[in-house]
Amino acid sequence: MGEQTVGSSFASGHDLVVIVDLGSRHSQLIAKQIRGCQVYCEIWPPGVPVDEFRRRKVKGIVLAGPGAGGAQPGAAAGAHPGAAGLVDGLLELGIPALAVGPATGLMAAALGGTVRPGRKEQDLEAGARARLEILSNEDLFKAWDQEGAPEGPEAWLSAGGQVDELPPGFEVIARAEGRPAAIRHRERRLFGVQFHPELENAPWAKQLFRSFVREVCGCSPTWTVENFIEASVAEIKEKVGAGRVVCALSGGVDSSVTAALVYRAVGDQLTTIFVDHGFLRLGEAEQVIETFRGRFGQGFIHVDARARFLKRLEGVTDPEVKRKRIGEEFIRIFEEEARKLGNIRYLAQGTVYPDVIESGHGAAGTIKSHHNVGGLPEDMELELIEPLRALFKDEVRAVGEALGLPARIVWRQPFPGPGLAVRVTGEVTAERLEIERRADAIVVEEIERAGLGRDVWQYFAVLTDTRAVGVSRETRTYGYVVAVRAVTSVDGMTAGWARLPYDVLERISGRIMREVPGVSRVVYDISAKPPATIEWE
Ligand code: XMP
């Protein structure tokens, strides 16, 4: 214990910017903007002691939030800044800092300014859209000068507390609606923007982050796919030595890229285990086998466990029981296979950065190295290799492409671990699974044929356990209702139903009813998340 997991220490070769997440919903968007500048950044929770910033030689700090439910900047006026989440001494480290959105009020209050309370509306992070008036073409707004536009850009203003009186040494460098929209302390290299550049796709917003991290903080642009692969391969090689590694391969993006990366590092010392639980989509198991058997040869084990999983689900209708049984069975099979191999020391896993942030391990020093994830038995004592744990999904895809994985693997839509079993409501039988699989294939085919594959986050069919009356060749039928689900989303946390063109919906419905026996009706799911979820179970 204590040492870091493989996959996090390679970051030590890069300049580090830390986003202190004071309860913002935009931290990951800020992180993506910074990484887009080829600068490595991490998201840390509030309260990490300043010594950690020194120890990790942090070169820049971004303060994000607080959002709804978090401390309000207005409330921070005159109050102890610690109460609002800023650690004492953070702004005195001499490290450049950029406060984004409501954090500007926090920063100003912490440094002796006064702040007018923000609107007490639910969403503190999204105010009105307004035009910025740029007062200084240096640093943050350098690009504005280059673009030569007479008027400033438009941005979403923060609805958080407004800076009334500047803290000593600060100046206003942009205005909106007659109020300060951006402030700066030139010597201390402290900045605050009371708007949300992370929500903008425009060159000026990208330049704002780029100027801050590259010029103000002096970070080198070393965070590239090539450097990442090279450093990870070297690190995995060193860690693993002559040991053997096992990796569960689902065929999803994360586990596929993990396996490809570990294989590049240690070759035949890696054994990948593909457990086919039988709940994959049409043709998917075959694709995984073809892609990876060719690549890994002897290092690829295919376990056909379809019958075993179906048996475990006999008579089960409760979604939670389904999920639990599938999870348990998976671990049992994986464990059996790993034991047969014997002499395995490492387990490679496709943990990605959003998983790390969500489990509260975002801050340095809190990462455990030997925990057995996913319920693997303690006595296996496998050490984890998680080379993707610092990466966002788009970065994982870029690494996958650079490693030469086929596009159909790299660009796969997210797919739940329990697969189609949670898209067949009620009991999962071989027959019902087949109906679901065929209906799903039609949804996928038609949406991709219409060129909508990359606009829609997920698209699939659900076989409900409701039946409806229909008529076919003048005979009454009584078949299942299939629901079509297509959602737009950025991260899967929230989602809207996709406004699919009617003709696409019509083709989907017509084909399912014509081509899939046992279905008498097709409906379109128009529920947003929340309050619904993306999956039905
Ligand atoms: P929900 O249904 O909770 O899904 O809105 C959010 C996202 O997570 C995916 N999902 C899963 N992914 N194992 C996974 O790896 C699971 O058990 C699981 N359940 C849901 C879902 O497809 C969506 O992208």
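Cβ-Cβ distance of Asp268 and Arg54, R₀ of 51 Å, FRET efficiency by 1/(1 + (r/R0)^6): the value works out to about 0.75. Applying 0.36 nm per residue to the separation of Arg332 and Glu133 and subtracting their alpha-carbon distance, the gain on full extension is 65.4 nm. For Thr271, the solvent-accessible surface computed with a 1.4 Å probe is close to 10 Å², ligands and nucleic acids excluded. Heads up, I need the accessible area for Asp491: 1.4 angstrom probe, whole protein in place, Å², nearest 10. Result for Asp491: roughly 80 Å² accessible.
In a reduced charge model with +1 at each Lys and Arg Cβ and -1 at each Asp and Glu Cβ, the stretch 225-410 shows a dipole moment near 360 debye about its Cα centre. Computed from backbone phi, the HN-Hα couplings of the stretch 496-508 come to x, 7, 6, 7, 5, x, 4, 5, 5, 4, 5, 4, 4 Hz, rounded to whole numbers (Karplus: 6.51 cos²θ - 1.76 cosθ + 1.60, θ = phi - 60°; Gly and Pro given as x).
Around Asp465, what is the net charge, scoring Lys/Arg as +1 and Asp/Glu as -1 over all other residues with Cβ under 10 Å from its Cβ? That sum, taken over residues with Cβ under 10 Å, equals +1. Taking the charge dipole of the chain about its Cα centre, with +1 at Lys and Arg Cβ atoms and -1 at Asp and Glu Cβ atoms, the residue from Leu140, Val115, Trp223 reaching farthest to the positive side is Trp223. Each residue of the stretch 12-23 was assigned a 3J(HN,Hα) from its phi angle through the Karplus curve 6.51 cos²θ - 1.76 cosθ + 1.60 (θ = phi - 60°); the sequence is 5, x, 10, 4, 10, 10, 10, 9, 8, 8, 8, x Hz, with glycine and proline shown as x.
All other residues whose Cβ lies under 13 angstrom from that of Val399 are scored, Lys and Arg at +1 and Asp and Glu at -1, for a net of -1. Expressed as a whole percent, the accessible area of the stretch 225-410 that falls on carbon and sulfur atoms is 49 (1.4 Å probe). In square angstrom, what is the accessible area per residue of the chain with a 1.4 angstrom probe? It amounts to 43 Å² per residue over the chain. Toward the positive end of the charge dipole of the chain, with +1 on the Cβ of Lys and Arg and -1 on the Cβ of Asp and Glu, the farthest Cα among Gln38, Pro168, Phe334 is that of Phe334. Between helix 319-341 and the chain there is an angle of about 80 degrees, using the helix long axis and the longest principal axis of the Cα atoms. Using Cβ point charges alone (K and R +1, D and E -1), the dipole size of the chain about the Cα centre works out to roughly 540 debye.
Counting heavy atoms of the protein chains alone, His185 has an accessible area of about 20 Å² for a 1.4 Å probe. Between Ser220 and Arg449, the modelled labels are 5.3 nm apart [label points 7 Å from Cα along Cα→Cβ]. Residues whose amide H comes within less than 5 Å of that of Arg521, counting only those at least five positions distant or on another chain, are Val482 (H built at 1.01 Å from N in the peptide plane). Annotation: for a label point projected 7 angstrom from Cα along Cα→Cβ of Asn227, residues of the stretch 40-62 with backbone N closer than 14 Å are 40-42, 59. The HN-Hα couplings worked out from phi for the stretch 454-470 by the Karplus form 6.51 cos²θ - 1.76 cosθ + 1.60 (θ = phi - 60°) are 8, 8, 9, 5, 9, 8, 6, 10, 10, 8, 7, 9, 9, 10, 9, 7, x Hz, whole numbers, x standing for Gly and Pro.
Each label was represented as a point 7 Å from its Cα along the Cα-to-Cβ direction; for Asn201 and Glu92 these points are 4.5 nm apart. With the charge dipole of the stretch 244-368 set up from +1 on Lys and Arg Cβ and -1 on Asp and Glu Cβ about the Cα centre, the Cα lying farthest toward the positive end among the listed residues Thr271, Thr317, Thr351 is that of Thr271. Taking 0.36 nm per residue of separation and subtracting the current Cα-Cα distance, fully stretching the chain between Lys340 and Ile526 would add 62.2 nm. Beta bridges assigned by DSSP with both partners in the stretch 423-524 are antiparallel in approximately 70 percent of cases. Segment Asp465..Thr488, full-extension length gain: 5.7 nm, with 0.36 nm per residue of separation and the alpha-carbon distance subtracted.
Taking the Cα centre of the stretch 423-524 as origin and assigning +1 to Lys and Arg Cβ atoms and -1 to Asp and Glu Cβ atoms, the resulting dipole is close to 240 debye.
Counting only alpha carbon atoms, the long axis of helix 430-449 and the longest principal axis of the chain meet at about 50°.
The values are calculated or read from the model by the stated rules, or taken from the named source; none is laboratory data. This structure is a prediction, so every number in the text was calculated from the model and none was measured. No Cβ is skipped: glycine too gets one built from the backbone with ideal geometry, and neighbour counts run over all protein chains shown. When the accessible area is computed, the model is the full protein with side chains, heavy atoms only, and any ligands, DNA or RNA have been set aside. Shrake-Rupley method; radii C 1.70, N 1.55, O 1.52, S 1.80 Å.
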